[in-house]
Amino acid sequence: MKKKDRRHLHLLCDISELAALLIGSENIQSFFQQAVELVARHMDADVCSIYLFDDVSQELVLEATMGLNPEAVGQIRMKIGEGLVGTTFQQLKPLNEGYASGHPNFKYFKEAQEDPFDSFLAVPILRGEEKIGVLVVQHKTRNYFDEVDVMAMRAIASQLAVAVGNARLLIGNIRLREKLPHDHRIPEDLEYVEGEVASQGFALAQATTFDRRQGALVSIAIDSDCEYSLRDFHQALQATAAQLQDLQYRFSQRLPESASLIFTAHLMILKDVRFAGEMENLIKSGVPPPEAIKRVTQHYVELYSSSPHPYTKEKTHDVQDLAGRILRNLVHGVEEDPFLSENRIVIAPELYPSDVLKLASEDIKGIILVGGGVTAHVSLLARSLQIPMIIANRSELLHIPEGTPVIMDAEIGGIYVQPSDDIILRYESRKQIELKAETLSNEVSPTTLTRDGARIKLLANINLLHDLELARELKAEGIGLYRSEFPFLFRSALPSEEEQYVIYRKLFDGMPGNVVTIRTLDLGGDKLLIYSNARGEANPALGLRAIRFSFRHREIFNQQLRAILRAATEAENARIMFPMISSLDEFREAKQAVYDCMQELARKKLPYHQTPFIGALIEIPAVVEIIDDLVAESDFLSIGTNDFVQYLLAVDRANEKVSEFFRPDHPSVLRGLAKISKAANAQQKELSICGEMAHEPAYIPFLLGIGVQIFSVYPKFLPSVQKIICGFTMSDAQIYADQLLAEKTLKGVREALTRLSKTHNLNKSKG
């Protein structure tokens, strides 16, 4: 029986210290060597090796080893699924073999000189969803590693993930720069660009340009010396169909709202005999396959582009994207990576929600939007999919060479084009520190109490079902706002009542026993459906949107209400909330629509929730003067501070020319919020805040002080919001609020906020 010294807890501490060494280290190889030596020593292993995944070659590369031939570093490379290391990376779970060479996937590398080592234990190195590499230990003794070792290695890999991931990005950046032409130079004024943050995060990757106006065929170079046959064309079609099906599967796992339909248009066009069939006819008549693909595509692009209907025009992009995939498979072969933007930072002049979804399915690392073309829903979508996004008004970014390394610091809006190693180390170190802080902040209590014991509820704002997992992990007490319009914006056709039912059922099932608040459609204005013939409006924020849109399109409204009521049949605390209510008449009309749908479902003998809570989203200042009447007829209320501020101050928050006038600290805004809260508390009705003020540190104590007891925020803000609330007593919060409400001017409020924030150590929120 072997006797081993297991100092795993001490090892984890050392690994944490080792990760910090990367911050000041200029020698990446030295860092890796220290890591493998430390792990080997504490695991009593004869060998320890680190393999990193190369995004460019799609291979696992031996980057460091203790015990194998050091000359094998950089030489041993394996595809995903190849050998025991590739198998571990493919399956994303530990592989423990007592006699490695007896495993059916074992692959022998002579240069490694690993013949003496029988026992083999490998674990994947992961950072969230990012696949970084594989950590391996080996020993001469057969059956040496046990379950305790497996658990320890998993913990070690988790501890190492941040530091190893940082080093991997640095190595990748060096290799990317080496592949660029020697005469390639980025203009000095383009090396650093400042932009506006639309979705926070951090990314380092190669850049690729996505221009929906140019089409997908532009960047595909055709070798005139190559000849392609009809058989090659058929193989390209088959490969394209398989790739689209794979994309659908991958995407349906990430975004259930899509119901795997995001690439349906592509598949339907591919199966259309007038599309692929016409290409085949041209090829049979003697036209080269690449030219046949381009001719037919151009015909369809011209046909769809001339249509007066927005939905039909949108199909031009589907045709171009599909043809680009066919042509790429024909020219480059079916073995080439089919995911055109995978592991890239995408630079684009314009994006629709459907574009973001397609790019998300290809695992992009970030988005840079050049010259506008962004809507609020594109930003929200990027946030929910955790894709960093920056809006930068520099058209030159669209012309940087394909594959240029780029850093996105979407915490401050910084873009570094072809960054130096020093910049990469500095920002990766900063990211590492933030990740550690984030890990600590995940210690969230299931209940939130002020310092003097007052009970406060923390709910989550949900844009996509994808957000549910994070909300549960961070112990949200329910859903304060589900933005139900996203499934409508994704699709090329109106989702049916049944499709909506499936989505809402997953929402209720995802938060059993807790509050689930579904906001009815906030469509219209700048959020037009691509399959609608509605035209844009001169003042979309003041136009046919939200509850006005629902009243104008009764069947869409009723379908949604029926789907919600049916999906909530077994829910304990289902809530329906109407957006953009401006009068008591509108609220009563919307409530009556719910009752009418309940009667219809009863007549059809369909099960439904018979006692839903019905509330109003306060966004329009007109209701402040009728707030007592609205509170009396509501089961609950929520304040959407973003629109409330916009409408109260007559400022388009999406217009950068007037963004300085969008001031949540305006005395009228603060006093309006206080009046609404006072009315709700007087009638003992629940009031929540679901706008951005709910997670801003400087406003949280103010909201507490005016009597708000429910905060609904995007899940990632839950830890920081809870921490601030727990640091205040209710009396302190009331004093804080009273001081702000006493100010008469913007300057006075600003100075008071600065003073109070400093006194209570309130830093600006990140995330």
Would you check which residues across the stretch 475-496 are in contact with a strand residue (DSSP E or B) (Cβ under 9 Å, 6 or more places away or on another chain) and modelled with pLDDT under 90 and list them? E485, F488, L489
Suppose the filter is within 24 Å of F587 (Cβ to Cβ) and surrounded by 16 or more Cβ atoms within 10 Å (Cβ to Cβ); does L704 pass it? no
Kindly indicate whether any position in the stretch 617-626 is out of contact with any Lys or Arg (no Cβ under 9 Å at 6 or more places or on another chain) and assigned to a loop (DSSP other than H, G, I, E, B). yes
Scan the stretch 551-564 for residues that are within 14 Å of R483 (Cβ to Cβ) and in contact with a strand residue (DSSP E or B) (Cβ under 8 Å, 6 or more places away or on another chain) and report the count. 1
Quick one: which residue in E589, E619 is in contact with a Pro (Cβ under 7 Å, 6 or more places away or on another chain) and more than 19 Å from V515 (Cβ to Cβ)? E619
Residues in the stretch 31-49 that are in contact with a Gly (Cβ under 9 Å, 6 or more places away or on another chain), farther than 16 Å from A155 by Cβ and crowded, with 21+ Cβ neighbours inside 10 Å total 3
Going through the stretch 101-120 in order, the residues found to be free of Cβ contacts under 8 Å to residues at least 60 places away in the same chain and touching a Leu at 6+ places or on another chain (Cβ under 8 Å) are H103, N105, F106, K107, A112, Q113, F120
Going by the conditions given, is I390 under 29 Å from T240 (Cα atoms), assigned to a strand (DSSP E or B) and either polar (S, T, N, Q) or at pLDDT 80 or above (or both)? no
All but one of (1) of a type in the set (A, V, I, L, M, F, W, C); (2) more than 34 Å from the chain's Cα centre (by Cα); (3) outside any helix (DSSP H, G or I) hold for V708; which doesn't? (2)
Subset of the stretch 661-682 [under 18 Å from K457 (Cβ atoms) and either in contact with a helix residue (DSSP H, G or I) (Cβ under 7 Å, 6 or more places away or on another chain) or surrounded by fewer than 22 Cβ atoms within 10 Å (Cβ to Cβ) (or both)]: I676, A680, N681
Could you check, for the stretch 565-586, whether at least one of its residues is crowded, with 22+ Cβ neighbours inside 10 Å and part of a helix (DSSP H, G or I)? yes
From the options G74, G81, residue that is at pLDDT below 90 and outside any helix (DSSP H, G or I): G74
For residues in the stretch 750-767 being modelled with pLDDT of 90 or more and touching an Asp or Glu at 6+ places or on another chain (Cβ under 7 Å), which is nearest to I725 (Cα to Cα)? L753
Quick one: is V658 assigned to a loop (DSSP other than H, G, I, E, B), of a type outside the set (S, T, Y) and either free of Cβ contacts under 8 Å to residues at least 60 places away in the same chain or crowded, with 20+ Cβ neighbours inside 10 Å (or both)? no
Cβ-Cβ distance below 8 Å, separation of 6 or more or different chains: which pairs start in the stretch 624-644 with a residue that is buried (at least 16 other Cβ atoms within 10 Å of the Cβ) and end on one that is aromatic (F, W, Y) and assigned to a strand (DSSP E or B)? D635/F613; F636/F613
Restricting attention to the stretch 259-276, does a residue exist that is of a type in the set (S, T, N, Q) and at pLDDT below 85? yes
Name the single residue, out of those in the stretch 661-674 being free of Cβ contacts under 8 Å to residues at least 60 places away in the same chain and part of a loop (DSSP other than H, G, I, E, B), that is nearest to N539 (Cα to Cα). F662
Selection status of V346, surrounded by 18 or more Cβ atoms within 10 Å (Cβ to Cβ), at pLDDT 80 or above, in contact with a helix residue (DSSP H, G or I) (Cβ under 9 Å, 6 or more places away or on another chain) and more than 30 Å from M408 (Cα to Cα): no
Specify the residue that is farthest from A112 (Cα to Cα); the eligible residues are those in the stretch 54-76 that are within 33 Å of the chain's Cα centre (by Cα) and surrounded by 16 or more Cβ atoms within 10 Å (Cβ to Cβ). D55
Are any residues in the stretch 30-81 among the acidic types (D, E) and farther than 18 Å from P94 by Cβ, and if so, which ones? E37, D46, D54, D55, E59, E63, E71
Got a sec? Which of N539, N533 is out of contact with any helix residue (DSSP H, G or I) (no Cβ under 9 Å at 6 or more places or on another chain), farther than 30 Å from E572 by Cα and modelled with pLDDT under 85? N539
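The values are calculated or read from the model by the stated rules, or taken from the named source; none is laboratory data. Note that the coordinates shown come from a computational prediction; the quantities given were computed from them, not determined experimentally. Here the Cβ is made from the backbone with ideal geometry for all residues, glycine too, and neighbour counts use every protein chain on show.
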